[in-house]
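The values are calculated or read from the model by the stated rules, or taken from the named source; none is laboratory data. Computed from a predicted structure; not experimentally measured. No Cβ is skipped: glycine too gets one built from the backbone with ideal geometry, and neighbour counts run over all protein chains shown. All accessible areas refer to the heavy atoms of the entire protein, side chains included, with ligands and DNA or RNA removed. Shrake-Rupley method; radii C 1.70, N 1.55, O 1.52, S 1.80 Å.
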Amino acid sequence: MRAGGNGGPGRERGALRWHLGPMPAGEPPDPAVWRALREPRRPGLALLLSLPLGLVAAAGLLTLAAHLTPGRQVSFQINLATVAALAVLVPLHELLHALALPDPLRSPRIVVGCWPRLGLVYVHFTGELSRNRALWVSLCPLLGLSAASLGLARLHPPAAGFYLGLGVVNALFSSADLLAVLLVGWQVPRSARVRNFGWFTYWREA
């Protein structure tokens, strides 16, 4: 999920938009106002560098599952059923990004897209967000779907491996989100505003 773009603080009514290809860039940022985030400048490199974060998140999910089920062996399954479930998991992941945005599912500043060259499905917001709201938008799918996988594993132990497998896959999907959280959380002041021009993130003082 890439949050930020061309809009101001006001809300627009309408409908979210659909886009095929890279995130729409819009007008170039005013360098007198916006500071570029120090981040990988090539999307493929960013995805590669973010992968260890997804692995750490997956390991954390399994560790938490072990603490929630003491005395029971924790394992996960990634099989054909898991692959089939991606048809639901991927839209749910992006839906949670969208629901965390202002005026969700109705704002024309929300762009749902697919970038075939990188195999990405994304939600892109063409408006400003507070720094903390941007962090929440990035983390929402990881937190929400991880909690769901842990809850379902406890409620239905015979299928726990399947549910935890979905949680592990979602954690891997969240790797780029986690990289964004680290970069924004480390470089951007709490009171600042964040936006994106295409793939790249910028921020300004509030």
Revision key, fill the gap. The percentage of the accessible area of the chain (probe 1.4 Å, all protein chains present) made up of carbon and sulfur atoms, to the nearest whole number, is 66 percent
Practice item. Mind pulling the angle between the C-alpha long axis of helix 131-155 and the longest principal axis of the chain? Nearest 10 degrees, somewhere in 0 to 90. Key: 10 degrees
Study note, to complete from the structure: For the chain, dividing by residue count, accessible area per residue (probe 1.4 Å) in Å² works out to 51 Å²
Exercise for review: Extending each Cα 7 Å along its Cβ direction at ASP30 and SER130, get the distance between those two points in nm, one decimal.
Suggested key: 2.3 nm
Point to revise | Expected 222 nm ellipticity per residue - DSSP helices of 4 or more, -39500 (n - 2.57), all of the chain, to 500 | key: -16500 deg cm²/dmol
Point to revise | Local electrostatic count at GLY161 - Lys and Arg +1, Asp and Glu -1, tallied over other residues with Cβ under 14 Å | key: +2
Check your understanding: Looking only at the range 89-133, which residues have a backbone nitrogen under 16 Å from a spot 7 Å from the Cα of LEU45 in the C-beta direction?
Key -> none
Practice item. Assuming R0 = 35 Å, can you tell me the calculated FRET efficiency for the pair ARG204 and ALA148, based on Cβ-Cβ distance, to the nearest 0.05? Key: 0.50
Study note, to complete from the structure: Read-out Rg/Rh (Cα atoms, Kirkwood Rh), candidates [x] 1.00; [y] 1.18; [z] 0.96; calculated match is [x]
